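Written below as structure tokens is the structure these notes are about.
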Amino acid sequence: MDLTTLQRVRHFLKVPTGKTEPDTLINQFIPQVSQAIERYLGREGLIQSTARIEYHDAEYGQMNLWLRAFPVTSIAEIANDYDRAFAATSVVDAGNYVLYPNTGRVNFYKVALIGGPQVVRVTYTGGIAANTAALVTAAPDLALACEMQVAFLFQRKNILGSTGSSSQGGSISLDKPGGDGGAGAGLIPEVVGILEPFTRAYYGVGTV
């Protein structure tokens, strides 16, 4: 999902009304930067809010599970089945767990999970926003980070080839940062700073 819009990037860059020449390149950069940000956050395909089904490993007696797409709007069903058939009898009663929606943590405070590989199936709705317009409202800082990075690339469009990225008509390479404190991958330090609150440390089993 795109994390910002052409109009917002044009406004950020102060592109004069009626000047449409930059639009093609901006429209190319927006989805590429959006995907790079998702990769950096470890949330590829997880920012858009939608209905999801996830399968998790579990240890015997495990009491916490972390859903991948957060915040979580609702949980339709959690099933825990050693045989992975997930029949109706394997559904965990909603009264046996509590959801912390902002982090996606599910705490099984009345019942512990049966352990095994892929023995937990969760049907839920999670993610930040359903579409770009909703994301700009729900997470304006995330949209701003995308705009800043797109603007940076646009302003450097004539020298991108020297960094392994392309000029107009090609693509850019933005991978997850290495050992440079998070400012690699073509993401500028100011953008990385904005993104930090959107990361989450995972705890427990079956969370990656």
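Values quoted throughout were computed directly from the atomic coordinates according to the rules given, and no laboratory measurement underlies them. What you see is a predicted model; the values in this text were computed from it and never measured. For neighbour counting, all protein chains shown are included, and Cβ atoms are generated from backbone atoms with ideal geometry for every residue, glycine included.
Quick look at the values:
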{"quantity": "Neighbour net charge for R52 - beta-carbon separation under 14 angstrom, K R +1, D E -1", "calculated": "0"}
{"quantity": "Length added when fully stretched, A130-A85, from 0.36 nm per residue minus Cα-Cα", "calculated": "13.1 nm"}
{"quantity": "Potential lengthening between A94 and Q155 on full extension [0.36 nm per residue; Cα-Cα distance subtracted]", "calculated": "16.8 nm"}
{"quantity": "Rg over Rh, two decimals, the stretch 1-152 (C-alpha only, Kirkwood Rh)", "calculated": "1.14"}
{"quantity": "Inter-probe distance in nm under a simple model that places probes 7 Å from Cα toward Cβ, at I188 and E77", "calculated": "4.9 nm"}
{"quantity": "Cα→Cβ-extended label distance, 7 Å offset, between T50 and N27, nm", "calculated": "2.2 nm"}
{"quantity": "Most to least packed among 48-55, 81-88 [average Cβ atoms within 10 Å]", "calculated": "48-55, 81-88"}
{"quantity": "R0 of 22 Å, Cβ-Cβ distance Q118-T199: FRET efficiency to nearest 0.05", "calculated": "0.30"}
{"quantity": "Euclidean distance of C-alpha centroids, the stretch 1-69 and the stretch 111-145, integer Å", "calculated": "12 Å"}
{"quantity": "Fully extended contour minus Cα-Cα distance, from E59 to Y109, at 0.36 nm per residue", "calculated": "16.5 nm"}
{"quantity": "Relative packing of peptides 102-113, 26-37 - highest average C-beta neighbours within 10 Å first", "calculated": "26-37, 102-113"}
